[in-house]
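The values are calculated or read from the model by the stated rules, or taken from the named source; none is laboratory data. Treat the numbers as computed from the prediction; the structure is a model and nothing was measured. Methodologically, a virtual Cβ is constructed for each residue, glycine included, from the backbone with ideal geometry; neighbour enumeration extends over all protein chains shown.
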């Protein structure tokens, strides 16, 4: 993964700060990445393959100025961190948002574990509308404020849960055991996520990015939501036509598609 083009990546996310493998650099990269490269599953809806090699990730997320989902987003971040000299590893997880504990979702999520001066950190730029905008200390039962939601990591038996505080409640974001996820496992999980008829990425349109000042912008099918993560206040707008959807994708997320592009769920 050493062939990642760092200059193009930094330009893509608007970063011009230090490059030493420190916690401050990691937090700055995570924050800029999430605000610049949107989470999205649009190629899945268009029937296009999702490729995870570094060259493909760079072409799509950097040169073509597109977004992607966890295997793409965190795959690119992992390559960048390794190139900068971080001790980083891919970790497998199960996405749990809006899923009860008695349901076992597939192990189809990826985040990055980063070791800095004897401390482990969780970096995740690919968990949709709730990607944490700072690295999280891999330490149990401490509240960790970010520019957006407050986070924590809790344990239940052998399982760890990354949680976000939404209003007065704690919501599970993902479940993990710190087992690494090598490329072959990512390829299998990516195949399921992008092609299986029951994958939620095949059945709904989802685009999200973190905004400045604690806001989050999310497009779910034809519903655009701007939420203040600190207060919980939201404004919702319905997108009424395929043409309007293309305009919103460009204006709110910087995603440009040819006129006449139609997504299966856009009407």
Could you check, for region 211-231, whether at least one of its residues is in contact with a helix residue (DSSP H, G or I) (Cβ under 7 Å, 6 or more places away or on another chain), under 18 Å from residue 47 (Cβ atoms) and surrounded by fewer than 18 Cβ atoms within 10 Å (Cβ to Cβ)? no
Return yes or no: is residue 36 buried (at least 17 other Cβ atoms within 10 Å of the Cβ), modelled with pLDDT of 95 or more and farther than 13 Å from residue 124 by Cβ? yes
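Considering only residues that are surrounded by fewer than 19 Cβ atoms within 10 Å (Cβ to Cβ), over 16 Å from residue 45 (Cα atoms) and touching a strand residue (DSSP E or B) at 6+ places or on another chain (Cβ under 8 Å), which ones fall in region 184-210? Explain how you work it out, then say what you get.
Filtering region 184-210 for residues surrounded by fewer than 19 Cβ atoms within 10 Å (Cβ to Cβ) gives 184-185, 187-188, 191-192, 195-200, 202-204.
If we keep only those that are over 16 Å from residue 45 (Cα atoms) as well, we get 184-185, 187-188.
Correct list: 185 only.
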If a residue has to be over 21 Å from residue 156 (Cα atoms) and in contact (Cβ under 8 Å) with a residue 60 or more places away in the chain to count, how many in region 101-116 make the cut? 2
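Quick check on this structure: which one of 99, 94, 66 is at pLDDT 95 or above, closer than 20 Å to residue 199 by Cα and touching a strand residue (DSSP E or B) at 6+ places or on another chain (Cβ under 9 Å)? Talk me through it step by step, then tell me what you get.
Details: 99 fails: at pLDDT 95 or above; 66 fails: closer than 20 Å to residue 199 by Cα.
Going through 99, 94, 66 in turn, just one is at pLDDT 95 or above, closer than 20 Å to residue 199 by Cα and touching a strand residue (DSSP E or B) at 6+ places or on another chain (Cβ under 9 Å): 94.
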Failed item, numbered, when residue 114 is tested on (1) farther than 23 Å from residue 234 by Cα; (2) part of a loop (DSSP other than H, G, I, E, B): (2)
For region 123-134, indicate whether the set of residues that are closer than 21 Å to residue 89 by Cα, in contact with a helix residue (DSSP H, G or I) (Cβ under 9 Å, 6 or more places away or on another chain), in contact (Cβ under 8 Å) with a residue 40 or more places away in the chain and in a strand (DSSP E or B) is non-empty. yes
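Which of the residues spanning region 20-33 are surrounded by fewer than 14 Cβ atoms within 10 Å (Cβ to Cβ) and either more than 21 Å from the chain's Cα centre (by Cα) or within 15 Å of residue 78 (Cβ to Cβ) (or both)?
Start the filter on region 20-33 by keeping residues that are surrounded by fewer than 14 Cβ atoms within 10 Å (Cβ to Cβ), which leaves 20, 24.
Of everything in region 20-33, just one residue is surrounded by fewer than 14 Cβ atoms within 10 Å (Cβ to Cβ) and either more than 21 Å from the chain's Cα centre (by Cα) or within 15 Å of residue 78 (Cβ to Cβ) (or both), namely 20.
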